[in-house]
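Asker: What follows is a single structure, and I will ask about it in a moment.
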Amino acid sequence: MTVCFDQSIQDPQLIDTKNHCNGNELVLEGGFMIPDNNGGGFDAPEVNAFGHTFRDYNVESERKKQVEEFYRMNHINQTYDFVKKMRDEYKKLDKVEMSIWECCELLNEVVDDSDPDLDEPQIEHLLQTAEAIRKDYPNEDWLHLTALIHDLGKVLLLPKFGELPQWAVVGDTHPLGCAFDDSIVHHKYFKENPDMNNPVYQTKNGIYTEGCGLENVTISWGHDDYMYLVAKENGTTLPQAGLFIIRYHSFYPLHRCGAYKHLMNEEDVENLKWLQIFNKYDLYSKSKVRVDIEKVKPYYLSLIEKYFPEKLRW
């Protein structure tokens, strides 16, 4: 099953932006490039599931107030100490034991309140993303699987995983322990964040050093970091680029606006190229197009068996 779209655009950069940030054409080592629309690659739709341009947080819509309230709570409550507490709690991986596919099915119960583009169950988004990537990158099976599982951490919203509030699970992520960059969506609400009272946290580098590597930077807690912990601690054989995508795919200030690049090391720079390729599909595959789950399920089960143990600790 391949996801296709009826609509296309001449210049993806006209809408593939956020807070007036511009993307650049990417070339990986060896000349591995993003397919462009003119060459028959992924054809990005012009509008999201609601008929608006993607990631527009200002357009008047039925979800605008809900999304803005989400970010108000997120920016007030995501503090450095809160994130440290969450990581210490959830790295125990003592909530449940289940397979990757069982977790995929659990996502049928989840809708992301922070997303201005989508209100479908999350399993639909996972398969839309994975199938779109599979079409353009048929030989990169690790990338197909990464797309399938990148949002599985959203199960944190469910009772058996602690039933965390939406602001502690979904939405764009950003570093703690240093200044909040202006590119972060609804930046104005940080004025009520307790970390604003710590002058060290309000400098460019904060508690970090330039080039320290994102591995050493504390990022706001959510489904990204949780799924990264699950994958890593359960011994996945996904390449580092896959783990990087899982951990930072919601870090929009970095991969859409270029903020916080001064904290990256050389490995981060190379992995970021893969993340920016992935992000195009993660964002623009959000539509009302449905995927035949039973038809594609055997393929993804084979990838899960290749890269993960049968049962994982969550």
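Asker: In the range 262-281, which residues are in contact with a Leu (Cβ under 7 Å, 6 or more places away or on another chain) and surrounded by fewer than 22 Cβ atoms within 10 Å (Cβ to Cβ)?
Answerer: MET264, ASP268, LYS273, GLN276
Asker: Okay, moving on. So GLY235 clears everything in (1) at negative phi; (2) in contact (Cβ under 8 Å) with a residue 40 or more places away in the chain; (3) in a loop (DSSP other than H, G, I, E, B); (4) open to solvent by 10 Å² or more (accessible area, probe 1.4 Å) except one condition, right? Which one?
Answerer: Every listed condition holds for GLY235 apart from (1).
Asker: Picking from LEU118, LEU127, LEU156, which residue would you name as being modelled with pLDDT under 95, part of a helix (DSSP H, G or I) and open to solvent by less than 30 Å² (accessible area, probe 1.4 Å)? Break it down into steps so the answer makes sense when it comes.
Answerer: Numbers: LEU118 fails: part of a helix (DSSP H, G or I); LEU156 fails: modelled with pLDDT under 95.
So the residue among LEU118, LEU127, LEU156 that is modelled with pLDDT under 95, part of a helix (DSSP H, G or I) and open to solvent by less than 30 Å² (accessible area, probe 1.4 Å) is LEU127.
Asker: Next up: Please specify each residue of the range 79-102 satisfying the condition of being in a loop (DSSP other than H, G, I, E, B) and aliphatic (A, V, I, L, M).
Answerer: LEU93, VAL96
Asker: Related question: Would you confirm whether or not the range 45-65 contains a residue that is modelled with pLDDT under 50, β-branched (Val, Ile, Thr) and in contact with a strand residue (DSSP E or B) (Cβ under 9 Å, 6 or more places away or on another chain)?
Answerer: Checked against the condition, which is being modelled with pLDDT under 50, β-branched (Val, Ile, Thr) and in contact with a strand residue (DSSP E or B) (Cβ under 9 Å, 6 or more places away or on another chain), the range 45-65 yields no hits at all.
Asker: Look through the range 245-261, keep the residues that are free of Cβ contacts under 8 Å to residues at least 40 places away in the same chain and open to solvent by 10 Å² or more (accessible area, probe 1.4 Å), and return whichever of them is farthest from LEU229 (Cα to Cα).
Answerer: Per the criteria, the residue is LYS261.
This table checks each residue for (1) closer than 19 Å to GLY153 by Cβ; (2) at pLDDT 90 or above; (3) in a helix (DSSP H, G or I).
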{"position": "SER250", "(1), (2), (3)": "yes, yes, no"}
{"position": "ALA259", "(1), (2), (3)": "no, yes, no"}
{"position": "ASP268", "(1), (2), (3)": "no, yes, yes"}
{"position": "LEU272", "(1), (2), (3)": "no, yes, yes"}
{"position": "PHE278", "(1), (2), (3)": "yes, yes, yes"}
{"position": "LEU283", "(1), (2), (3)": "yes, no, yes"}
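The values are calculated or read from the model by the stated rules, or taken from the named source; none is laboratory data. On a predicted model such as this, the values are computed, not experimentally measured, just so you know. With ideal geometry, Cβ positions are generated from the backbone for all residues, glycine too; neighbour counts draw on all protein chains shown. These area figures cover heavy atoms from the full protein model, side chains too; ligands, DNA and RNA do not enter into them. Shrake-Rupley method; radii C 1.70, N 1.55, O 1.52, S 1.80 Å.
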